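The values are calculated or read from the model by the stated rules, or taken from the named source; none is laboratory data. Since the structure is predicted, the reported quantities are computational estimates derived from the model, not experimental observations. Don't worry about glycine lacking a Cβ; one is built from the backbone with ideal geometry, like all the others, and counts go over all protein chains shown. Just the protein is used for accessible areas: all its heavy atoms, side chains included, with ligands, DNA and RNA removed. Shrake-Rupley method; radii C 1.70, N 1.55, O 1.52, S 1.80 Å.
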Amino acid sequence: MLQSTSVAVIGAGHAGIEAALACARTGIDTVLFTMSLDAIGNMPCNPSIGGTGKGHLVYEIDALGGEMGRAADAVTLQSRTLNLGKGAAVHSKRVQADRRTYQRVMKQTLENSSNLRLIQAEIVDVGVKDGEVCSVTTSLGEEWTCQKVIICSGTYLAGRVFVGDKSYESGPDGMLAAKGLSDCLRSLGIRLMRFKTGTPARVLRRTVDTSRLERQDGEDNPIPYHYANSEEDAAARPSLPCHIVYTNAETHKVIRDNIHRSAMYSGQIHGTGPRYCPSIEDKLVRFADKERHQLFLEPMGADTEEMYIQGFSTSLPTDVQHSMLSTLTGFEHAQIMRYAYAIEYDCADPLRLLPTLEFKEIRGLYGAGQFNGTSGYEEAAAQGLVAGLNASLSLRGLPAFVPLRSESYIGTLIDDLVTKGTNEPYRMMTSRSEYRLLLRQDNADERLTEIGFRAGLVTEGQYQAFLQKQEKIKAETERLESTYLSPSVINPLLDTLGEANVNSGASLADLLRRPAITYEALAPIDVSRETLPKRITLTVETNIKYAGYVKRQLAEVRRQSKLEEKLLPEDICYECIKGLRIEAAQKLAKIRPRSIGQASRISGVNPADISVLLIYLGIK
């Protein structure tokens, strides 16, 4: 039977969820296909949301009207802000998430969404007519006509699991691999790459002596990801501890003695693995001088004894996994519940994508998540939202959403992928952005909520809440700038803080600009302040402290934006431009950048090449 929909989303992982919801919530008829309804929103690797750079993405997803932050808040087992010893730009929220509850929350969200149908089926074919998608076909032969297709296949696409010398076709967590779609995509001219990732063993909590491990508790007053969730409710949630343990010389000996049995080092695995999340055997090879490596024992849920050992992923055989685990302090009698494994999968070359995440050669076909060569739940969700929103905008006849590097980490992520490509699973880090101080967690809504509202994804209620928050930030900033106190009031506080005294009156903002003085530290002398949420006072404090640096970065954004506004003709012949180096012409012809700004970021294109382009186009 022939059926129809406007948008078909393939895969219901973190990318597929956001893509489907972005379409459905903007009034587009959408079908979300998944290999298994039991795998929706699965966390096959670490049970957490956020982390360095990744936490920024979650706040940005929420600001644009996405779902990940709301769900993460609802299932938080522990919340911590990383990098508090560094500047505000790199402060990153990370939560331990109840894995199964997260899946249940996401499945219910999808089931209760208007304009969205959720179907368990494997897609094996994407139909294309006259360079544009027209249908998808399931493994059972059911054909669906459609106008847009978003591929969010995760690690399922031709997935193969490796444990020692054993390997077999499989998706993550023992799910079935997606076997038919890769050949279809190749026949459509899409270049596929082979990447690899891995996960550690899970152990039974009661068989680990956690009293011998270093305990790691969460923070007391976390700021939720979702704009509408209260700080009071977040603080009241029960918090489960994590624990820290270290590898030792005995652990390293077991691994080194058996490293030839690792699938990664025996030549069985050909896919490229993630540089920033290596297996434990890879760590020993790369960092041979290190005497120990830090591992984290993390809960998988509030109602399960299953624990995750972050940093201990491996593709070594099961007997070696038992041996090396027993060398860890407190793990001498630990029982493995799930063995560690590595998994290879097919993914697309992101250089074939437009910044909208639509394929250049096939109209209406989009890619998102690990299918685009990235690693991580947060990177996947961010891409899913962008792909879904752009599919919706196109169907509604509205301008596309192209996130900029200067306005979001989402923009940085996508620009890196479509401009530079990747030869390994791409992971977001704060160091990837040249505008870190502008792209903080606390101001994600200021940067993106207006965009989400105009695109139809941010609700009127969220938008009004955002406007009210901005008014409070403005009012509190003005109050601090205009409230002056005398030295007789200020100096006693400065003495207690070990700060140099003032000789004349100073505003509260002047005091707050001192590196060692915080908003809270001013409370004893700031008698006129009202009680405000931490999410407001944090932004006020950061804006005041870093005002000079922010001003300089904004000037750089304005300078760079002039290059972004200089668009390149779609039909330009780079090989015909006299004076352009052969390498630059080849790279430009392959990637076909939208603007001079994007062209300047392509590897192999230097400033002299950009000058030649500007002269050729008559751009000053």
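Things to note:
- Check on ARG256, of a type outside the set (A, V, I, L, M, F, W, C), open to solvent by 20 Å² or more (accessible area, probe 1.4 Å) and either touching a strand residue (DSSP E or B) at 6+ places or on another chain (Cβ under 6 Å) or assigned to a loop (DSSP other than H, G, I, E, B) (or both): no
- The criterion of being aliphatic (A, V, I, L, M), surrounded by fewer than 20 Cβ atoms within 10 Å (Cβ to Cβ) and part of a helix (DSSP H, G or I) does not hold for LEU437.
- Residues of the stretch 225-253 that are aliphatic (A, V, I, L, M), part of a helix (DSSP H, G or I) and within 32 Å of the chain's Cα centre (by Cα): ALA234, ALA235, ALA236.
- Number of residues in the stretch 552-611 that are among the small types (Gly, Ala, Ser), open to solvent by 50 Å² or more (accessible area, probe 1.4 Å) and in a helix (DSSP H, G or I) equals 2.
- GLU361 meets the conditions (1) over 30 Å from GLU344 (Cα atoms); (2) outside any helix (DSSP H, G or I) in every case but one. The failed one is (1).
- Looking only at residues in the stretch 272-292 that are in contact (Cβ under 8 Å) with a residue 24 or more places away in the chain and more than 25 Å from the chain's Cα centre (by Cα), the one that is surrounded by the fewest Cβ atoms within 10 Å (Cβ to Cβ) is GLU291.
- Residue within the stretch 30-53 that is modelled with pLDDT of 95 or more and touching a Cys at 6+ places or on another chain (Cβ under 6 Å) present: yes
- Being of a type in the set (A, V, I, L, M) and open to solvent by 30 Å² or more (accessible area, probe 1.4 Å) is a property that does not hold for ALA234.
- Tally of residues being in a loop (DSSP other than H, G, I, E, B) and touching a residue at least 60 places away in the same chain (Cβ under 8 Å) across the stretch 84-111: 3
- Residues (open to solvent by 40 Å² or more (accessible area, probe 1.4 Å) and either on the phi > 0 side of the Ramachandran plot or in contact with a Gly (Cβ under 6 Å, 6 or more places away or on another chain) (or both)) located in the stretch 76-95: ARG80, ASN83, ARG94
- Here ARG427 passes the criteria (1) closer than 29 Å to ILE602 by Cα; (2) open to solvent by less than 30 Å² (accessible area, probe 1.4 Å) except the one numbered (2).
- Hits in the stretch 341-356 (condition: surrounded by 24 or more Cβ atoms within 10 Å (Cβ to Cβ) and without any contact (Cβ under 8 Å) to a residue 60 or more places away in the chain): none
- Taking the criterion of being outside any helix (DSSP H, G or I), open to solvent by less than 10 Å² (accessible area, probe 1.4 Å) and farther than 14 Å from THR109 by Cβ, the residues of the stretch 35-60 that qualify are MET43, PRO47, SER48, ILE49, GLY50, GLY51, GLY53.
- Subset of the stretch 153-178 [touching a strand residue (DSSP E or B) at 6+ places or on another chain (Cβ under 7 Å) and not small (Gly, Ala, Ser)]: THR155, TYR156, LEU157, ARG160, VAL161, PHE162, VAL163, TYR168, GLU169, PRO172
- The condition of being under 40 Å from the mean Cα position of the chain (by Cα), among the hydroxyl-bearing types (Ser, Thr, Tyr) and in a helix (DSSP H, G or I) holds for THR539.
- Residue count for the stretch 364-381 satisfying the condition of being more than 16 Å from ILE150 (Cα to Cα), open to solvent by 10 Å² or more (accessible area, probe 1.4 Å) and outside any loop (DSSP other than H, G, I, E, B): 1.
- Taking first residues from the stretch 575-586 that are under 13 Å from ASN606 (Cβ atoms) and partners that are part of a helix (DSSP H, G or I), the Cβ contacts under 7 Å between residues at least 6 apart in sequence or on separate chains come to GLY579/VAL612; LEU580/TYR574; LEU580/ASP609; LEU580/VAL612; ARG581/ASP609; ALA584/ASP609; ALA585/TYR574; ALA585/GLU575.
Residues checked against (1) modelled with pLDDT of 95 or more; (2) open to solvent by 40 Å² or more (accessible area, probe 1.4 Å); (3) touching a Cys at 6+ places or on another chain (Cβ under 8 Å); (4) of a type in the set (A, V, I, L, M):
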{"position": "ASN443", "(1), (2), (3), (4)": "yes, no, no, no"}
{"position": "GLU450", "(1), (2), (3), (4)": "yes, yes, no, no"}
{"position": "ALA475", "(1), (2), (3), (4)": "yes, yes, no, yes"}
{"position": "LEU480", "(1), (2), (3), (4)": "yes, no, no, yes"}
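- Filtering VAL203, VAL161 for residues that are closer than 25 Å to GLY16 by Cα and either open to solvent by less than 60 Å² (accessible area, probe 1.4 Å) or assigned to a loop (DSSP other than H, G, I, E, B) (or both) leaves a single hit, VAL161.
- The stretch 452-534 holds helices (runs of 4 or more DSSP H) entirely within its bounds, and those carrying 2 or more residues that are within 19 Å of TYR227 (Cα to Cα) and touching a residue at least 60 places away in the same chain (Cβ under 8 Å) map to 460-482.
- Sole residue being among the acidic types (Asp, Glu), buried (at least 18 other Cβ atoms within 10 Å of the Cβ) and modelled with pLDDT of 95 or more, chosen from GLU111, GLU143, GLU122, GLU132: GLU122
- With respect to the conditions (1) surrounded by fewer than 22 Cβ atoms within 10 Å (Cβ to Cβ); (2) under 30 Å from ALA589 (Cβ atoms), ARG338 falls short on a single one, namely (2).
- Flag for GLY364 being at positive phi and in contact with an Asp or Glu (Cβ under 6 Å, 6 or more places away or on another chain): yes
- Checked against the criterion of being under 19 Å from ASN372 (Cα atoms) and touching a helix residue (DSSP H, G or I) at 6+ places or on another chain (Cβ under 7 Å), the candidates GLY411, GLY452, GLY421 yield just one match: GLY421.
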